[in-house]
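Taking it in order: structure first as structure tokens, then the write-up.
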Amino acid sequence: MRKLTLMAVAAASAVVLAACSSGGGSGSNSPSASGGSAAPVTLTLWHNYGTEQNATATANLVKAYQAEHPNVTINVVSQPGDNYFSLLQAAAVSQSGPDLAVMWTGLFTLQYKSFLTNLKDLVPADALSKVQGLEWTADGFNKDNGPYVMPLEKQFYIGFYNKADFAKAGVSSVPTTWDELGAACTKLKAAGFTPMVYGNGGQALGAEFYPWYDASYLMIGKYSVDQWKDLYNGKIAWNSPDNIAQFTKWANLEKSGCTNTDILTKTNNLDDFTSGKAAMIIDGTWDTQKFTDAMKDNVAAFVPPFSDTPIKGVVEYPGDGFGITSYSQHQKEAADFLAFMTSDAGVKAINDAGLIPDVDGASTTNPVNQQMLDFAASQGFTRYPMLDNVIQGDVVDAGNKVLPSVLAGKTSPTDGLNQLNTAWQNLSPDKRGPDYA
């Protein structure tokens, strides 16, 4: 996920879901890394998912794995999100942490790889070969170097819209450019709807809304995938004229009435969307099931159209997953659990939680999730990573502090991007060189 940053979620109390199945094996097709030992084993898994769908998927996986491996008990511990990585680092020093830990991909993986185990020679090669996006969990973003994380799911930063609101407002097609978005917002507002709603509901990543969902599409609307590395190495300055132009158009959404005016304080934005008060929201796959449960077939996905020409890029990326700690005394058993994630039973456990399994050939039964997959698979959209997973954490944190105020009209786009550029300039040279580190 990336989907999260070091600013992460509000603290959740520790919960242990330690249950040992008494059932026998059921013929899993996951490659065994442990050799099928019948000796009793207890593993500990840490996550920072709170109560979102990823937590449900984790519980599903553990239950399914234990059903096929009655000698294994997996203690699942929900750690507070605001200091999750600090806890992991402290536990690594004392070697008292978990066997398995939720990790974010991209630069987050590389930042914390010192206490992770490379999975290349631990998880069977045939299991790893099934997984997509492993390059984002490997040194140099080259999967041949071996991954440190087994992705849990395929994630999207994406837009969702209410079909009924669009129909009532006379919006006949989904907007694909800035101009089309402006026209749609005008009709929706005239019909009494909030065109696009922002707030810190859903993934509560801080006191204000999380800006990197939108920022990813602002940069998709201007640059190719390869050019995104220039945001990392400085060839494209954060306060470049092109970036200022994009963020100025974004800030105009609030000024023109395309958004709610209380975007910095709103906490029930998801409720506004599911109730039909708001016609569009920018969010992610971790809330797809929530939307389809509430709205049935009245909800659909769209690519945020932050471009002067029809946008043809989509964020499709393995945002998070599980890593094995370097000090775990049960690495083979932990690797067997990771291999199980690629089995039919593992894929089902993930899909049943409303997520998209990150496995070749796996299907999703949620129709809106499938719509997202179709953007790249059958409609020619280019796949992009999550922007906040491939730029430096200090720049991400600077954006968390200032970009919401840019959309709210409290800070000018130029001043906001100057702050991001300053954060980049203050990085150590090894963190802004030609290669990802």
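The values are calculated or read from the model by the stated rules, or taken from the named source; none is laboratory data. What you see is a predicted model, and the numbers here were worked out from it, not measured in a lab. Cβ: placed from backbone, ideal geometry, glycine included. Neighbour counts: every protein chain shown. Areas reflect the complete protein model, heavy atoms only, side chains present, ligands, DNA and RNA absent. Shrake-Rupley method; radii C 1.70, N 1.55, O 1.52, S 1.80 Å.
Express the relative contact order of region 148-305 as a whole percentage, based on alpha carbon pairs under 8 Å and six or more residues apart in sequence.
Dividing the mean separation by the residue count of region 148-305 yields 47 percent.
Add +1 for every Lys or Arg and -1 for every Asp or Glu among the other residues with Cβ under 13 Å from the Cβ of SER307, and state the total.
The answer is -2.
On average, how much accessible surface per residue is there in the chain, in Å², for a 1.4 Å probe, leaving out ligands, DNA and RNA?
Per-residue value: 37 Å².
Using only Cα atoms, tell me the angle between helix 367-377 and the longest principal axis of the chain; keep it within 0 to 90° and round to the nearest 10.
Approximately 80 degrees, to the nearest ten.
With unit charges on the beta carbon (Lys/Arg positive, Asp/Glu negative), name the residue among GLN132, THR248, PHE209 whose Cα is farthest towards the positive pole of the charge dipole of the chain.
THR248
Quote the charge dipole size of region 109-209 about the Cα centre in Debye, to the nearest 20; the model charges only the Cβ of Lys and Arg (+1) and of Asp and Glu (-1).
For this selection, approximately 340 debye.
May I ask for the angle, rounded to the nearest 10°, between helix 241-255 and the longest principal axis of the chain, with both axes built from Cα atoms and the value confined to 0 to 90°?
Taking the Cα atoms of the chain, the angle to 241-255 is about 80 degrees.
What per residue convex hull volume, in Å³, comes out for region 306-437 when only alpha-carbon positions are used?
192 Å³
Mean projection of the alpha-carbon convex hull of region 240-354 over all orientations, in nm²?
Result: a mean projected hull area of 12.0 nm².
Rounded to the nearest 500, what is the chain's calculated 222 nm mean residue ellipticity when only DSSP H runs of at least 4 contribute -39500 (n - 2.57) each, over all residues?
Computed mean residue ellipticity for the chain: -10500 deg cm²/dmol.
Suppose a student asked you for the relative contact order of region 128-197, using Cα pairs under 8 Å spaced at least 6 residues apart; what percent would you report?
18 percent
Could you please state, rounded to a whole Å, how far the C-alpha centre of region 326-340 is from the C-alpha centre of region 145-224?
Going from one Cα centre to the other spans 38 Å.
If you add up the charges near ALA138, with Lys and Arg at +1 and Asp and Glu at -1, over every other residue whose beta carbon is less than 11 angstrom from its beta carbon, what do you get?
0
Among the DSSP beta bridges whose two residues both lie in the chain, what percent are antiparallel, rounded to the nearest 5?
Bridges in the chain are about 60 percent antiparallel.
How many angstrom lie between the Cα centre of region 38-98 and the Cα centre of region 266-311?
Region 38-98 and region 266-311 have Cα centres separated by 31 Å.
How much accessible area does GLU333 have with a 1.4 Å probe, in Å² rounded to the nearest 10?
Counting only protein heavy atoms, GLU333 exposes about 40 Å² to solvent.
Taking every pair of alpha-carbon atoms in the chain, what share in percent sits in each 20 Å bin, from 0 to the bin with the longest distance?
Going from the shortest bin to the longest, the percentages are 26, 57, 16, 0.
Going by the alpha-carbon gyration tensor, a ≥ b ≥ c the square roots of its eigenvalues, is region 147-279 rounded (a/c under 1.5) or, if a/c is not under 1.5, prolate (a/b greater than b/c) versus oblate?
Note, shape of region 147-279 comes out prolate.
To the nearest 10 square angstrom, how much accessible area does MET341 have with a 1.4 angstrom probe?
So the heavy atoms of MET341 present about 10 Å² to solvent.
For the chain, what is the charge dipole size about the Cα centre, in debye to the nearest 20, if Lys and Arg each add +1 at the Cβ and Asp and Glu each add -1 at the Cβ?
That gives a dipole near 540 debye.
Picking from VAL406, VAL93, VAL62, which is most flexible by a Gaussian network model of the chain using Cα springs under 10 Å?
Sorting by GNM fluctuation, first place goes to VAL93.
With a 1.4 Å probe and every protein chain kept in, tell me what percent of the accessible surface of region 79-155 is carbon plus sulfur.
Roughly 44 percent of what the probe reaches on region 79-155 is carbon or sulfur.
Let's see if you can work this out: charge +1 on each Lys and Arg Cβ, -1 on each Asp and Glu Cβ, no other charges. What is the dipole magnitude of region 233-310 about its Cα centre, in debye to the nearest 20?
160 debye
For q values of 0.15, 0.21 Å⁻¹, compute log₁₀ I(q)/I(0) with the Debye formula on a Cα-only model of region 70-142, without solvent.
Cα-only, vacuum Debye calculation for region 70-142: -0.63, -1.11.
Relative contact order of the chain, please, whole-number percent, based on alpha carbon pairs below 8 angstrom and at least 6 residues apart.
Computed value for the chain: 27 percent relative contact order.
If you add up the charges near GLY170, with Lys and Arg at +1 and Asp and Glu at -1, over every other residue whose beta carbon is less than 14 angstrom from its beta carbon, what do you get?
Residues near GLY170 contribute +2 overall.
Please report how far the C-alpha centroid of region 378-413 lies from that of region 102-122, rounded to the nearest whole angstrom.
Computed from Cα coordinates, the inter-centre distance equals 23 Å.
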